[in-house]
Number of protein chains: 2
Amino acid sequence: MNGGAAAWRTIHSGCCHRGWDRSIPPVAHVAPGETIELHCRDAADGHYTRRSTAADIARMDPARVNIVTGPVFVDGAEPGDALKVTIREFKPSGFGWSAIIPGFGLLADRFPDPHLHLWEYDRTARTPAVFNDRARVPLKPFAGTIGVAPAEPGLHDIIPPLRTGGNMDIRDLAAGTELCLPVEVAGALFSVGDTHAAQGDGEVCGTAIESAMDIVVTLDLIKGAAPAFPRFSTPGPVTRHLDGAGYEVTTGIGPDLMAAARDAVSGMIDHLARWRGLAPEDAYMLCSVCGDLRVSEVVDAPNWVVSFYFPRIVFD
Amino acid sequence: MNGGAAAWRTIHSGCCHRGWDRSIPPVAHVAPGETIELHCRDAADGHYTRRSTAADIARMDPARVNIVTGPVFVDGAEPGDALKVTIREFKPSGFGWSAIIPGFGLLADRFPDPHLHLWEYDRTARTPAVFNDRARVPLKPFAGTIGVAPAEPGLHDIIPPLRTGGNMDIRDLAAGTELCLPVEVAGALFSVGDTHAAQGDGEVCGTAIESAMDIVVTLDLIKGAAPAFPRFSTPGPVTRHLDGAGYEVTTGIGPDLMAAARDAVSGMIDHLARWRGLAPEDAYMLCSVCGDLRVSEVVDAPNWVVSFYFPRIVFD
């Protein structure tokens, strides 16, 4: 069955797996050029509900994190090919969560305690999601985890992204983007999940607006064109939903990019507290769902500048 | 003399210094709230002319690099204050240069040989600068080096940025931006230079469109409000001159942010060669003047994702 308008095949969320492993049997075979719809669970596999509290964070089973839908075998895909994934559409669920998880996130030392924020948002993603009576976050749904199976046998943890993609958490893998992934095994074995309603560059607290979604993609092959790392093209601007009111920007400066990133984000949390009276935990989660971590300069040795951009439209 | 429209004081480019040192005598004293115009030499202090070639790179005296105009003493500024710099206007010269300098830049190992590109550009910065018959770079003038004197006595090299600012090379320190710098010495001792007609986040080859310019700023004080690192507010969007046609994006994935940054930029140079037939040296310089280095995720241990965004509008 080829993907005409709305006539595509559906891969249900029960067709899922935990971790990357080339030996996991495919849940479907598709021809190059075929469009399919995949139903994705959220990154906590439904653990959080509208009644959840921060106490539920400790009860989350780590083995259930970032379950993905797939794998899909693409006919004719061979090691050395590029799998071209055209990301066509997201159908968000309208419910999501963000969390500060002890031991996880860029500022794990500063935030040792669990915090949970639940979101109800517009399923069309056209109106910003309300965080509280002061802050609203523009939405752009995307797939946090999207990739193909690595060649190396055995089970690979799903959390770290790999050369073959996976948990890249790149907030511009949104509708309209074309993503090229390096195929390492026969059939590519494509999987997707960990869908997010919004996230900034960095995903600094470790979570986005985590939310179950259906996603429509077209899978195609470019023979012999495997990129060294995932590469993509966006159909147009990537920040116009966020940038209209400009940005507040903090910096970190020093010889270590990671330390500079921490200083920049920590500085923004302090700034949001002074400027808008936000609790540090709220500021940290907001930074994660809509602020951007950028490398301003990486050549003026021995000190680099990492900047954190927070969009003022959130408070408009 | 206070800064009414076009009635401000001018600090000429002969009022300059090399390196940061709290003992350098001020070239002017201003009252808080005063607007001044500073004439800035380019980062090579006029070494490159319209007749220069790559052979002139080796002849550049390193002691002349990044000369800055100042220092300006702000009356009443004391350690612990914030110096608020409102960046009002740039008056670019219309001539600029970009270079690959052996031993300098993110990919110094890949590019051992000197290369020089000379630019003639629109002094209003409204039309993109022509790179070659295929590529044109949208302009946004800004100050690469802007800062105040550090408290620690002695001469500090001008190349590495410091907590007090300096050679930060943040491409959004453009007209309309308000920058807060931490004052560490009496009078703040403000200086500016290293003006750029365009640069991407990262300044990956080590140079931007380096160009002499005049800059108009208002210097003001916020008592007792020194930020830990420089902080700024942009008056509006920061990439709309670049983002209209979307981006080509390459990634680097791994446990070291610097290595991931190198992989992302190296991947873009390879991609621009295949996609647009650019020579690697041209691609590297173009990446430096208009591509953006972003941290896509920094939480999915042990692997981070650094992405390099190249604006397709350059080839439109």
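Go through the range B:261-296 and flag every residue whose accessible area shrinks by 10 Å² or more with all protein chains in place compared to the isolated chain (probe 1.4 Å). Flagged in the range B:261-296: B:D263, B:H271, B:R274, B:L293, B:R294, B:V295, B:S296.
For the range A:216-228, backbone phi angles converted through the Karplus equation (6.51, -1.76, 1.60; θ = phi - 60°) give residue-by-residue couplings of 10, 9, 10, 9, 9, 10, 10, 5, x, 10, 4, x, 5 Hz, Gly and Pro being listed as x. Phi angles across the range B:167-182 convert, under the Karplus curve 6.51 cos²θ - 1.76 cosθ + 1.60 with θ = phi - 60°, into 3J(HN,Hα) values of 7, 7, 6, 8, 5, 9, 7, 10, 4, x, 6, 9, 10, 10, 10, x Hz, Gly and Pro given as x.
Database remark: amide H of A:I11 closer than 5 angstrom to the amide H of A:E37, A:L38, A:H39 (H placed geometrically; neighbours at sequence offset of 5 or more, or on other chains; Pro and chain starts carry no H). Determine the sum of side-chain charges near B:D21: Lys and Arg each +1, Asp and Glu each -1, restricted to other residues whose C-beta is under 15 angstrom from that of B:D21. Value of the local net charge: -1.
Taking only the Cα atoms of chain A, the ratio Rg/Rh comes out at 0.97, with Rh defined as the Kirkwood radius.
The phi torsions of the range B:249-257, fed into the Karplus equation with coefficients 6.51, -1.76 and 1.60 and a -60° offset, translate into couplings of 10, 10, 10, x, 10, x, x, 10, 4 Hz, rounded to whole numbers, with Gly and Pro shown as x. Among B:W275, A:W20, A:W304, the sequence by solvent-accessible area, most first, with a 1.4 Å probe is B:W275, A:W304, A:W20. The fraction of accessible area contributed by carbon and sulfur in the range A:243-315 is 50 percent, rounded to a whole number (1.4 Å probe; ligands and nucleic acids excluded).
Can you list the aspartates and glutamates whose alpha carbon is less than 19 Å from that of B:K223, not counting same-chain residues fewer than 8 positions off? Counting by Cα, and skipping residues close in sequence, B:K223 has these aspartates and glutamates nearby: A:D270, B:E34, B:D75, B:E78, B:D81, B:E178, B:E184.
The label-point distance for A:R64 and A:A279, in a model that sets each label 7 Å from Cα toward Cβ, rounds to 2.5 nm.
For the residues A:A31, A:A197, A:A208, a GNM of chain A with alpha-carbon springs under 10 Å puts the largest fluctuation on A:A31. When you restrict to C-alpha pairs under 8 Å that are six or more residues apart and normalise by the size of chain B, the relative contact order lands at 22 percent. Among A:110-117, A:144-151, the peptide with the highest mean count of other Cβ atoms within 10 Å heads the list, and the full ranking is A:144-151, A:110-117. For the range B:121-170 versus the range B:22-100, the spacing of their alpha-carbon centroids is 9 Å.
Dipole orientation for the protein assembly as shown: of the candidates A:S191, A:V217, B:L116, A:V217 has the Cα lying most toward the positive pole (charges on Cβ; Lys, Arg +1; Asp, Glu -1). Comparing B:G291, B:G206, B:G176 in a Gaussian network model of chain B, where Cα atoms under 10 Å apart are tied by springs, the biggest mean-square fluctuation is seen for B:G176. Electrostatic bookkeeping for B:C205 treats Lys and Arg as +1 and Asp and Glu as -1; over the other residues with beta carbon under 11 Å from its beta carbon, the sum is -2. What you get for the protein assembly as shown, charging only the Cβ of Lys and Arg (+1) and of Asp and Glu (-1), is a dipole of about 1020 debye around the Cα centre. The charge dipole of the range A:213-312, taken about its Cα centre with unit charges on the Cβ of Lys, Arg, Asp and Glu (plus for the first two, minus for the last two), comes to roughly 220 debye. The range A:187-207: which residues show an accessible-area loss of 40 Å² or more, assembly versus chain alone, 1.4 Å probe? In the range A:187-207, residues shielded by partner chains: A:D201, A:G202.
Each label was represented as a point 7 Å from its Cα along the Cα-to-Cβ direction; for B:T53 and A:A31 these points are 5.9 nm apart. Between A:L118 and A:N132, the contour length at 0.36 nm per residue exceeds the Cα-Cα span by 4.0 nm.
Per residue, how big is the convex hull of the range A:168-316 when only Cα atoms are used? Give it in Å³. Walk me through the numbers on the way to the answer.
On the way: hull volume 21.7 nm³, N = 149.
Taking the convex hull of the Cα positions in the range A:168-316, it is 145 Å³ per residue.
Of the residues A:H241, A:H29, A:H156, the one with the largest accessible area comes first in the ranking A:H29, A:H241, A:H156, computed with a 1.4 Å probe on protein heavy atoms. Take the accessible area of A alone and of B alone, subtract that of the pair with a 1.4 Å probe, and the total buried over both chains is about 5100 Å².
Copy A relates to copy B by a rotation, and the A residue whose beta-carbon is nearest that axis, with the distance in whole angstrom, is A:L257, 2. The charge dipole of chain B, taken about the Cα centre with unit charges on the Cβ atoms of Lys, Arg (+1) and Asp, Glu (-1), comes to about 580 debye, rounded to the nearest 20.
Amide H to amide H distances under 5 Å link B:D214 with B:C40, B:K91, where only residues 5 or more positions off or on other chains count and H is placed in the peptide plane.
So, counting K/R as plus one and D/E as minus one, what does the shell of residues with Cβ under 11 Å around A:N132 add up to? All intermediate terms of the calculation are to be shown ahead of the outcome.
Details: positive: A:R134, A:R136, A:R276; negative: A:D133, A:D282.
So the surrounding residues net to +1.
Expressed as a whole percent, the accessible area of the range A:112-182 that falls on carbon and sulfur atoms is 52 (1.4 Å probe). For A:G33, the point set 7 Å out from Cα toward Cβ sits 7.1 nm from its twins in the other copies, listed from shortest up. The H on the amide N of B:Y247, modeled in the peptide plane, is under 5 Å from the matching H of A:T234, A:G236, B:R312, each at least 5 residues off or on a different chain. Listed cross-link partners A:K140/B:K84; A:K140/B:K140; A:K84/A:K140 are compared with a 30 Å cut-off, the Cα-Cα value being larger for A:K140/B:K84.
Keeping all protein chains in place, calculate the accessible area per residue for the protein assembly as shown (probe 1.4 angstrom), answer in Å². Mind dumping the intermediate values first?
Values: 21120 Å² over 632 residues.
I get 33 Å² per residue for the protein assembly as shown.
The values are calculated or read from the model by the stated rules, or taken from the named source; none is laboratory data. These numbers come from a predicted model, not from an experiment. Heads up, the Cβs are rebuilt from the backbone with ideal geometry, glycines too, and the neighbour counts pull from every protein chain shown. SASA here: full protein model, heavy atoms, side chains in, ligands and nucleic acids out. Shrake-Rupley method; radii C 1.70, N 1.55, O 1.52, S 1.80 Å.
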